Amino acid sequence: MSMLVLAGVNVFDPASQTRRTNVNVCIADGKIAAIGDIPPSFEGARRMSLAGRAVLPGFIDLHVHVVASNANLGANAAMPNFLAALRTLPILRGMLNRGFTTVRDAGGADFGMCEAVNSGELRGPRILSSGKALSQTGGHGDFRQRSDKLDDACGCLGRQGAIARVVDGVDAMRLAVREEILKGASQIKVMASGGVASPNDPITNTQYSEDELRAAVQEAQAAGTYVMAHAYTARAVRRAVECGVKCIEHGNLIDEETARLLAQRDVAVVPTLATLDRLSERGRALGFPEASLAKIDGARSVGRQALALMAREGVKVGFGSDMLGEELHRFQSDEFAVRAQIVGNVEAIRCATNVAADIIREPGVRGTVAVGAAADLVVVDGDPVEDISLLLGQGEHIPVVIKGGVCMKESGRLVEPAL
Ligand code: ZN
Ligand code: ZN
């Protein structure tokens, strides 16, 4: 049994919103065994002296695309599989370095990657994969060019770099959901409205028929999981909620009535705000067409208002970064800063810890520093509740990251796997 003591730390538990100063966090068998004094059974445990540092739960990012090493998602899908997989590795390492111990992939990650991380062969956060996101023809996940003759959209299925696959019709939807679950998806992702990173589908479009959405929800429920849906407008969000979707991605253009509906039905929302700031700054240089750039600007400022509105209406809001392309992934933690400006530091931390754990259906297990919870923890130089900037950048102020009771980062560097 591996035992570890984080000695003399200040604990902030976002779930209970309580602080404890100068305590010991004792870890055994991947879980938190004690907080406070060191139990006699911990004699002989490894002890890390971390006086004055803060301990928080490891962060959970509910919207990432770990395979998106190229912001042009069409080009990303066309990349040879080996190259696409290889380029995922620094993205995963970067996330762990920044203190993310769990990420929910919103399209692209496959079971092999999850296994490679879980077995310790790869350094990265635990991945909850959606497999390929499901998109209708001409939808947000259909990256084919406008042309007289369309390429075969099903070509995306065996593509490591594709974040989505094209599926049309109720029966095909049922089959696709079952396939993604067979392949190891933790939850199902559907594209239920137009988006910003795709040039051919206006953001105001709704996507998928209600019958198709309901079929996806039924199949996910049958397998004991849920559907998360990409949706920007109030109309698309309402439709998805009425069809049984449990988590809305983005939601920038929702209205008050829709926010109330979300709160009433206990449907979560994962806004992704920082990525729009970065795309609007760098989108042109990254080769985004004018149509996409206009959509990005249209969604940006209203996204902040939507977050304030959802906070007022008591909607369950989780943390999502949605960074695309090698250049942008490093801005993942900027989402903390954007949230903090609108809802404050504590809420910014809660949405990436206990609220996120609730959304991935692991309340009390992750996102909390409590006895019995998983030992997914970060150590911060200073107090992020007072100064959120300590969480930004590349984890420069996060010297230690522990995942499942194992030290993944120590003295500011990732610990390499022993192969
Ligand atoms: Zn999306
Ligand atoms: Zn996304």
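The values are calculated or read from the model by the stated rules, or taken from the named source; none is laboratory data. Everything quoted here is computed from the prediction, not taken from an experiment. Backbone-built Cβ (ideal geometry, glycine too); neighbour counts: all protein chains shown. The protein model used for the area step is the full one, side chains on, heavy atoms only, and it has no ligands, DNA or RNA in it. Shrake-Rupley method; radii C 1.70, N 1.55, O 1.52, S 1.80 Å.
Assorted remarks:
- Exactly one residue out of A133, A116, A84, A68 is within 30 Å of E396 (Cα to Cα), within 16 Å of ligand 1 (Cβ to nearest atom), modelled with pLDDT of 95 or more and not polar (S, T, N, Q), and it is A68.
- In the condition set (1) among the charged types (D, E, K, R); (2) surrounded by 21 or more Cβ atoms within 10 Å (Cβ to Cβ); (3) more than 15 Å from ligand 2 (Cβ to nearest atom), R93 is compliant with all but (2).
- Those helices (runs of 4 or more DSSP H) of the stretch 51-155 in which 3 or more residues are closer than 18 Å to L414 by Cβ occupy 81-97, 111-118.
- Test result for V217, in contact with a Cys (Cβ under 9 Å, 6 or more places away or on another chain) and within 14 Å of ligand 1 (Cβ to nearest atom): no
One line per residue, one yes/no per condition, for (1) in contact with a strand residue (DSSP E or B) (Cβ under 6 Å, 6 or more places away or on another chain); (2) not assigned by TED's automatic domain parsing to the domain that holds Y226:
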{"site": "V346", "(1), (2)": "no, no"}
{"site": "R350", "(1), (2)": "no, no"}
{"site": "A374", "(1), (2)": "yes, yes"}
{"site": "L377", "(1), (2)": "yes, yes"}
{"site": "G382", "(1), (2)": "no, yes"}
{"site": "D387", "(1), (2)": "no, yes"}
{"site": "Q394", "(1), (2)": "no, yes"}
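- Filtered by the rule that a residue be open to solvent by less than 10 Å² (accessible area, probe 1.4 Å) and closer than 21 Å to V66 by Cβ, the stretch 178-195 gives E180, Q187, I188, K189, V190, M191, G195.
- Residue within the stretch 377-385 that is open to solvent by 30 Å² or more (accessible area, probe 1.4 Å), farther than 23 Å from V196 by Cβ, acidic (D, E) and in contact with a Pro (Cβ under 7 Å, 6 or more places away or on another chain) present: yes
- Positions within the stretch 1-20 being surrounded by fewer than 17 Cβ atoms within 10 Å (Cβ to Cβ), in contact with a strand residue (DSSP E or B) (Cβ under 8 Å, 6 or more places away or on another chain) and in a loop (DSSP other than H, G, I, E, B), in sequence order: M1, S2
- Selection within the stretch 305-323 - open to solvent by 10 Å² or more (accessible area, probe 1.4 Å) and of a type in the set (A, V, I, L, M, F, W, C): A308, L309, A311, V315, V317
- Applying the criterion of being open to solvent by 10 Å² or more (accessible area, probe 1.4 Å) and either over 30 Å from D168 (Cα atoms) or of a type in the set (D, E, K, R) (or both) to the residues of the stretch 119-130, the residue that is nearest to ligand 1 (Cβ to nearest atom) is R126.
- The residues of the stretch 22-43 that are open to solvent by 30 Å² or more (accessible area, probe 1.4 Å) and over 24 Å from A357 (Cβ atoms), listed by number, are N22, D37, I38, P39, P40, S41, E43.
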